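Each reported figure results from applying straightforward, stated rules to the coordinates on display, with no laboratory input. Computed from a prediction, not measured in an experiment: that's the story for all the values here. Cβ atoms come from the backbone with ideal geometry, glycine included; neighbour counts cover every protein chain shown.
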Amino acid sequence: MKKISLIVLLFIAAKTNAQTAKPIDSFLGIKFGTPTAQVLATLKAKGGIVDKENSKPNGYFFDNLSLGHRKSIFVIVKFVDDKLYEGDFYFEAELKPKTIEYYDELMADVEEVYGKGRSFKTFKQPYEAGDGFEVQAITTGNAEFTTYWDTEGNPGVINERINSKAQIILTYQDRELVKIAVDKQKTKEKADF
């Protein structure tokens, strides 16, 4: 009987967590689908500085932005048909050997708001989890760390990963607008032939 009660309590706790998790429909208080000018004005009001050298009409780079208490290296916001569809936050641990720790701490921060993510860690030989060379494996293309927040009924998804420069990237995307952006890019690329 105690086992059944424990299972029921765990199920209720998991269900409650899923129901109270914030919907993935925005980042930094900006909803997906917001017009470009409004997004740029909001990010500037938050202290963001546009990196004009790297920005393009459908993708703007910003310096001087934070996500909660975490200062980003830079942020990229992307648009399709004058609508916000993606935000990419780039972070870096103070010391490269602390990259995995930073990744895990950021994941815990995101899980507090959006619920449990699905994590995947893959390694190529001779590297393996727990060998002390995880960061080296990642920066040499021999390991991948990724976590997804992708629950049914949410208009958006979140992805956290570590790139080959040991930067932790947290991406927020709107499902439908990403499809439109990808289709437009494919059409443009085919036109090049």
Apply the Karplus curve 6.51 cos²θ - 1.76 cosθ + 1.60, θ = phi - 60°, to the phi angles in region 153-162 and return the couplings in whole Hz, x for Gly and Pro.
x, 7, x, x, 9, 10, 9, 10, 8, 10
Rounded to the nearest 10 degrees, the helix 175-191 long axis (Cα) sits at an angle to the longest Cα principal axis of the chain of 50 degrees
Can you give the helix-only mean residue ellipticity at 222 nm for the chain, where every DSSP H stretch with n ≥ 4 adds -39500 (n - 2.57) and the sum goes over all residues, rounded to the nearest 500 deg cm²/dmol?
-11500 deg cm²/dmol
Tell me which residues come under 5 Å, amide H to amide H, from Ser66 once H is placed; ignore anything under 5 positions away on its chain.
Ser72
Relative pair counts by distance (%), Cα atoms of the chain, 5 Å bins:
1, 7, 13, 16, 16, 16, 13, 9, 5, 2, 1, 1, 0, 0
Sequence neighbours fewer than 8 away in the same chain don't count; with that in mind, list the lysines whose C-alpha is under 23 Å from Lys190.
Lys56, Lys78, Lys179
In nm, what is the difference between 0.36 nm times the number of residues separating Arg118 and Lys98 and their Cα-Cα distance?
5.0 nm
If you fit an axis through the alpha-carbon atoms of helix 36-45 and take the longest principal axis of the Cα set of the chain, what angle between them do you get, 0 to 90°, nearest 10?
70 degrees
Given the options Leu43, Leu177, Leu95, state which has the largest fluctuation in a GNM of the chain using a 10 Å cut-off (strictly under) for Cα springs.
Leu95
Distances longer than 20 Å among the Cα atoms of region 60-168: what percent of all pairs is that?
46 percent
Amide H of Val80: which non-local residues (sequence gap of 5 or more, or other chain) have their own amide H closer than 5 Å, using H built in the peptide plane?
Tyr85
I'd like the distance separating the alpha-carbon centroids of region 82-122 and region 147-176, in whole Å.
8 Å
Using alpha carbons only, how many degrees (0 to 90, rounded to 10) separate the axis of helix 99-114 from the longest principal axis of the chain?
90 degrees
Within the chain, excluding any GluC sites (Glu not before Pro) found in a DSSP loop (not H, G, I, E or B) and having at most 10 other Cβ atoms within 10 Å, the longest uninterrupted segment runs 95-151
